[in-house]
Amino acid sequence: MASSVARSDASVALSERRAARRIGAWSQRMDGSILFIYALVVLVSAGAGVYSERFRDPGNLTNVLRQTIVLGMLAIGQSLVILAGGIDMSNALIARMSTLIVAVLFGGDESLILPLLALGMAIGAALGLLNGLIITRVYASPFIVTFGMFGILNGVCLAIASSPVGKIPAAYLALYDARVGPVPMCVPAMASVWVAAWLLTSRTRFGRALYAVGGSPRVARLAAVHVPRTLVWAYVLSGLCGAAGGLFILARSGVGDPKMAEGLEFQSIVAVALGGISLSGGRGTIVGTLGGVLLLGVVANMFNILQVDAFLQQLILGLVVLITVATYRSARTG
Amino acid sequence: MSATSLPARALRSAAPSRRFVRAVDLTGQWAAPVACLVVLMFAVAFVPRFYELGNLSTVAIQASVLGIVATGQMLVLLVAGLDLSVNAVLGLGAVIVISNQQGFSPLSLLLALAIALGVGLANGLLVAWRQVPAFIATFGMLIFVGGVRLAYTHGQASGNVPEWLRVVGIGQIGPLPNAALTWIVVLLLTGGVLALTRYGRYVYAVGANYDAARYAGVPTREVVVACYVVCSVLALVAGLVLSGYIGYVDQRLGTDFNVNSIAAAIIGGTTFRGGRGNPLGVAAGAILLSILLNLVVVAGLAIYWQLAVQGVVLVVATAIQGMRGHLLSR
């Protein structure tokens, strides 16, 4: 009798502790950085809206959303990789590579749209797979491997084409401008991608594995998480996101440019860091990344409207990064 | 390439044999000098133009500049860090010293030195005190310093290189270019400090095991900061030598040095987990990479294949050293 009471006490205590831990985990994920980043988005947009008539034009606002799609795609992939404790410096080059190949093969043929979209995504996934396999099989530093991949792909892209190439069918270009009422189709499509990414990270076994691996690979392994497989999947997904972002650029620009997506690997990391995902992995949410992407999008749009010099833009971006990382909470002190 | 597929297979068995560990260790340490010899022999057979006297001295000067940067990069890698701001420091330093419209003044040299010290200090403080991942802190610095440089020059090239710098860049003493002499001095100093002084032992101790070093009373943070500062200053020195060699500075000066210095340091036997590596290996790495990049040009291939060569060397080297670090630390 006594023992069963003790047991039920213990199980009550256990479930209470679980509930407490769940709330703790929730509040830890919804920490101040997410509120801060959205407050900043609202503040900057409001400021820009008051200051500039062109900014608050509804057409411009949907444009801002549409312009964040490419960065958003890359930042989603980057978030997955960084949550798992890695980094992908090659995502922008994966975007460039897969898109360039697609652009070269198009030849203005409308019937090729679907197969080539599939091919582009497959190339992205394959390059991500390559990153993941090198990193997990030979214990190489993810930063340096993907940085090396950056260099290799850069060279290969220039070998494929040294100037803008490809004849893109009009039906493909129409994807960019397709509208439902006043809203470009691609905006709700992208919103659903964000929701899918959020569900993937917060509601699935794979999402929990990402957090576990990023938090501590050792503990994750002891908890029966397949660490290399989780990492490889993260890189594959990042490659897929990169390819998708690149294919969207292709619909916008209508030409395969061997210089496209320049600097996006860094911007995607900045968006992730701004959104409060720990750069050493395991903490933060994709919701924060969305905030980071929106902030960068609004600021870029403001820069354009105000015609800020390129060097000043670069200075400000660098300063923002340095300030963000200087206030960054590390795993050790956290 | 077989070095990368072989370990993967062997790893699946529980414990790799001792001979295998030894083999990977030796590969990691001797890859650069051996590959140098192989590539040089390859060049005898297929690209004889490589051995023309003018080309050889070009390679020597390029290897020297890269070697100076890579020596600094190695110091940072030894304490398990990474410096991606070297090419920005290299470029900004050169711009400040050279594009002074009133001609050269010693003051600009001091200013450039102050900037290099400041950037290294900021990198080191961010990494050691704020525990920011090294690549993100230094990458942010790269963007920022790059912006400063653009703001300073507005993208214009300048060809106002002072005479003494031209002497350093392209002059020779006997058969040896002055740039190579500068490199040898840097190598002797770094090698001497690492091998003979207490600070040198601290660097290896911090890199091999940060916490153990701290418990043993090593001022770990200060050691890390010092490595970043020295790395920045060496990047500045390399920038001056390079601009002396080229004879002008423009926006593209030094853009490849991030990838190349890391690749040279790692192929030369430095592990990115810290604690392993020496200046001589890195020197071999710098020579190997310079020869390869030069061969791309001399063999008549398009210039963008250089990018691919850099990437391949980096990935292969990283794979070997990653394997080595993993096997040696288990």
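Numbers for the structure displayed
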quantity	calculated
Given (1) of a type in the set (Val, Ile, Thr); (2) modelled with pLDDT of 90 or more; (3) more than 30 Å from B:GLU222 (Cα to Cα), index of the condition B:VAL79 fails	(3)
Single residue of the stretch A:257-281 satisfying the filter (small (Gly, Ala, Ser) and at pLDDT below 90) that is farthest from A:THR324 (Cα to Cα)	A:ALA261
Condition met for B:LEU189 (away from chain A (no Cβ under 14 Å) and either farther than 30 Å from A:PHE143 by Cβ or not in a helix (DSSP H, G or I) (or both))	no
Any hit, the stretch B:302-320, residues being more than 9 Å from every other protein chain (Cβ to nearest Cβ) and of a type in the set (A, V, I, L, M, F, W, C)	no
Given (1) surrounded by 24 or more Cβ atoms within 10 Å (Cβ to Cβ); (2) away from chain A (no Cβ under 12 Å); (3) closer than 25 Å to B:ALA15 by Cα, index of the condition B:GLY275 fails	(1)
Qualifying helices (runs of 4 or more DSSP H) (wholly inside the stretch A:50-148; at least 1 residues being of a type in the set (Val, Ile, Thr))	A:58-83, A:91-106, A:113-137
Any hit, the stretch B:111-125, residues being in contact (Cβ under 8 Å) with a residue 24 or more places away in the chain, within 14 Å of chain A (Cβ to nearest Cβ) and not in a helix (DSSP H, G or I)	no
The lone exception for B:GLY155 - which of (1) more than 19 Å from the chain's Cα centre (by Cα); (2) surrounded by fewer than 23 Cβ atoms within 10 Å (Cβ to Cβ); (3) away from chain A (no Cβ under 11 Å) it fails	(3)
Qualifying residue in the stretch B:163-174 (condition: of a type in the set (Phe, Trp, Tyr) and more than 14 Å from chain A (Cβ to nearest Cβ))	yes
Count - residues of the stretch B:212-261 that are in a loop (DSSP other than H, G, I, E, B) and over 20 Å from B:SER64 (Cβ atoms)	6
Residue in the stretch A:141-163 that is touching a residue at least 40 places away in the same chain (Cβ under 8 Å), within 24 Å of the chain's Cα centre (by Cα), farther than 23 Å from A:GLU262 by Cβ and within 14 Å of another protein chain (Cβ to nearest Cβ) present	no
Residues (in contact (Cβ under 8 Å) with a residue 24 or more places away in the chain and within 14 Å of chain A (Cβ to nearest Cβ)) located in the stretch B:286-301	B:LEU289, B:LEU292, B:LEU293
Selected residue [within 14 Å of chain A (Cβ to nearest Cβ) and surrounded by 24 or more Cβ atoms within 10 Å (Cβ to Cβ)] from B:SER232, B:SER243, B:SER261	B:SER261
Residue list for the stretch B:151-193, restricted to those being touching a residue at least 12 places away in the same chain (Cβ under 8 Å) and on the phi > 0 side of the Ramachandran plot	B:GLY155
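The values are calculated or read from the model by the stated rules, or taken from the named source; none is laboratory data. Remember, predicted model here, so these are calculated numbers, not experimental data. Heads up, the Cβs are rebuilt from the backbone with ideal geometry, glycines too, and the neighbour counts pull from every protein chain shown.
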